[in-house]
Amino acid sequence: MANLENGTFKKLDVVVVGGGLVGSLEALFLAKRGHRVRLYEYREDIRNTPQARGRSINLALSIRGRTALREVGLEDHMINNHGIPMKGRNIHRIDGSTYIIPYDSRTKQCIYSVGRNYLNGLLLQESEKYENVERFFNHKLIASNLREGFLSFQKTDTKEIVEVNADLIIGADGAFSAVRKEIMKQPLFDYNQKYIEHGYLELCIPPDSNGGFQMPPNYLHIWPRGEFMMIALPNQDCSWTVTLFMPFTHFKSLDNEDKLLKFFEKYFPDSIPLIGKQKLIADYFAGSASPLIAIKCRPYNVEDKALIIGDAAHAVVPFYGQGMNAGFEDCTILNQLFQKHHDDLAKILKEFSDTRWEDTFAISDLAMYNYIEMRDLVTRPSYLLRKAIDDVIFWLMPKVWIPLYNSVTFSTIPYTQCIKNRQWQDKVLNRSLLFLGTVTSAVGAFYVYKKFVGLS
């Protein structure tokens, strides 16, 4: 049994709704503090089920997520035994040539491609080391009274009704959260959801004939094509998870094999021999494009009895690779608040709800912007010039000038502060360019005047 950090804290009875990545991680944080935790999940135990089509198979783990995993003792395992380092973007042009944009040319930091199922299973497996954690799968939340700490579940296999009470209810049940649906009934709850006009569909590049990678594995591969793009992340079995992002109208137009192949021959010709024509056709028509949703809401709590975290509180589009990392950071922040307020739920939930929303709104906006950057801006000279300028100044003044991507991905600087830093950097560069332009104009005018005086 794992060591429990009881100290002088009051033991709480906590129900976590949602046994996915964030819910299972939060259960570990609470268990380490000695609280009783009951974890309820609508689906079957993910360790016993195959990968569900339509959900991203692998994810990008960066410092915010690593920090949380370190707190529960799992970072080293994920980084050393499972994660595949990605040190930059490998951009594929239409002609098949490629070029690399490093994430961090100064300190060589990288992000890691990790398997969703593997990480989720690892978190659940770790929770079995704690006697104060119970796991219940195939339990669907059907009713609740959050202010009273009451929940009613129905077993999806036997239809039996299970009623539970708790000191604290934590909803970590994803973008379509049943707990958030109950919170929405509370007065003064603000909620906004946005479906973008683009969807995604997953394909696969298999290993080569020798069982190895068909492309350099330590990169996020991107095929940017302006209005749409395709990306590929490496898997532990030397395959690649390929994700095609584009408007739903484009997906609908590719309604037969001939149209699909002509589209790929025009925009992604180098990917066809990697995927294989027949596999491309089979994978593409095996399913349909999935939607992408962003959710902003507040407050996250109902008094001192209920709280939503992760995608339940702030689902974001996947283009900054921060969805899981932001959810894991929720767990880190909550743990810090439990320590700060000595398990006083009223203070913990209020401070989390009052402060966290600004950062989650910020990363939601950044993720929307990064889609434009990944599918279009990375091919433009202005983007490459700005990145080069950022890298040089970062190299010279690393404590003063941190590029936006580095601050979001390789630091725990609050997302709102990352944006403020970028805005300050923009002002500095704009003023510098204005000054240089003024000086250049003045020098030019002087030489014209001197020439004119000389002629006269």
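The values are calculated or read from the model by the stated rules, or taken from the named source; none is laboratory data. Owing to the predicted nature of the structure, the values given are computational and were not obtained by experimental measurement. Here the Cβ is made from the backbone with ideal geometry for all residues, glycine too, and neighbour counts use every protein chain on show. What goes into the accessible areas is simple: the full protein's heavy atoms, side chains included, and nothing from ligands, DNA or RNA. Shrake-Rupley method; radii C 1.70, N 1.55, O 1.52, S 1.80 Å.
Condition check ((1) at pLDDT below 95; (2) among the charged types (D, E, K, R)) across all residues:
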{"site": "Ser105", "(1), (2)": "yes, no"}
{"site": "Glu128", "(1), (2)": "no, yes"}
{"site": "Asn132", "(1), (2)": "no, no"}
{"site": "Gln154", "(1), (2)": "no, no"}
{"site": "Ile170", "(1), (2)": "no, no"}
{"site": "Gln186", "(1), (2)": "yes, no"}
Worksheet item: Applying the selection to the range 394-416, what residues are in contact with a helix residue (DSSP H, G or I) (Cβ under 8 Å, 6 or more places away or on another chain) and part of a helix (DSSP H, G or I)?
Response: Phe394, Leu404, Asn406, Ser407, Val408, Thr409, Tyr415, Thr416
Worksheet item: Going by the conditions given, is Glu351 open to solvent by 20 Å² or more (accessible area, probe 1.4 Å) and over 26 Å from Glu197 (Cα atoms)?
Response: yes
Worksheet item: Residues of the range 19-34 being surrounded by fewer than 24 Cβ atoms within 10 Å (Cβ to Cβ) and charged (D, E, K, R), which ones?
Response: Lys32, Arg33
Worksheet item: When you go through Lys420, Lys399 one by one, which is the residue that is open to solvent by 20 Å² or more (accessible area, probe 1.4 Å), free of Cβ contacts under 8 Å to residues at least 12 places away in the same chain, of a type in the set (Lys, Arg) and more than 30 Å from Leu25 (Cβ to Cβ)?
Response: Lys399
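Does Ile333 qualify as being closer than 24 Å to Phe245 by Cβ, out of contact with any helix residue (DSSP H, G or I) (no Cβ under 6 Å at 6 or more places or on another chain) and open to solvent by 30 Å² or more (accessible area, probe 1.4 Å)? Spell out the reasoning first.
Working: closer than 24 Å to Phe245 by Cβ: no; out of contact with any helix residue (DSSP H, G or I) (no Cβ under 6 Å at 6 or more places or on another chain): yes; open to solvent by 30 Å² or more (accessible area, probe 1.4 Å): yes.
Considered against the rule, which asks whether it is closer than 24 Å to Phe245 by Cβ, out of contact with any helix residue (DSSP H, G or I) (no Cβ under 6 Å at 6 or more places or on another chain) and open to solvent by 30 Å² or more (accessible area, probe 1.4 Å), Ile333 comes out as no.
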Worksheet item: When you go through Ile348, Ile389, Ile363 one by one, which is the residue that is under 24 Å from the mean Cα position of the chain (by Cα) and without any contact (Cβ under 8 Å) to a residue 60 or more places away in the chain?
Response: Ile363
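Let me confirm something: among Glu134, Glu148, which residue is touching a residue at least 40 places away in the same chain (Cβ under 8 Å), open to solvent by 10 Å² or more (accessible area, probe 1.4 Å), over 30 Å from Tyr267 (Cα atoms) and within 28 Å of the chain's Cα centre (by Cα)? Don't jump to the end; show me each part of the working.
Working: Glu148 fails: within 28 Å of the chain's Cα centre (by Cα).
Of the residues listed, the single one that is touching a residue at least 40 places away in the same chain (Cβ under 8 Å), open to solvent by 10 Å² or more (accessible area, probe 1.4 Å), over 30 Å from Tyr267 (Cα atoms) and within 28 Å of the chain's Cα centre (by Cα) is Glu134.
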Worksheet item: Between a first residue in the range 214-242 that is farther than 16 Å from Ile84 by Cα and touching a residue at least 40 places away in the same chain (Cβ under 8 Å) and a second residue that is in a loop (DSSP other than H, G, I, E, B) and open to solvent by less than 20 Å² (accessible area, probe 1.4 Å), which pairs have beta carbons less than 9 Å apart while being 6 or more apart in sequence or on different chains?
Response: Trp223/Phe268; Arg225/Phe268; Met230/Phe268
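Any idea how many residues of the range 135-151 are more than 19 Å from Ala306 (Cβ to Cβ) and in a strand (DSSP E or B)?
We begin by selecting, within the range 135-151, every residue more than 19 Å from Ala306 (Cβ to Cβ); these are 135, 137-138.
Now drop any that are not in a strand (DSSP E or B), which leaves 135.
Summing the residues that are more than 19 Å from Ala306 (Cβ to Cβ) and in a strand (DSSP E or B) in the range 135-151 gives 1.
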Worksheet item: Could you list, in sequence order, the residues of the range 307-330 that are at pLDDT 95 or above and open to solvent by 10 Å² or more (accessible area, probe 1.4 Å)?
Response: Asp311, Val316, Gly323, Met324, Glu329
Fill in: 2 or more residues without any contact (Cβ under 8 Å) to a residue 24 or more places away in the chain and over 18 Å from the mean Cα position of the chain (by Cα): qualifying helices (runs of 4 or more DSSP H) within the range 51-131
75-81
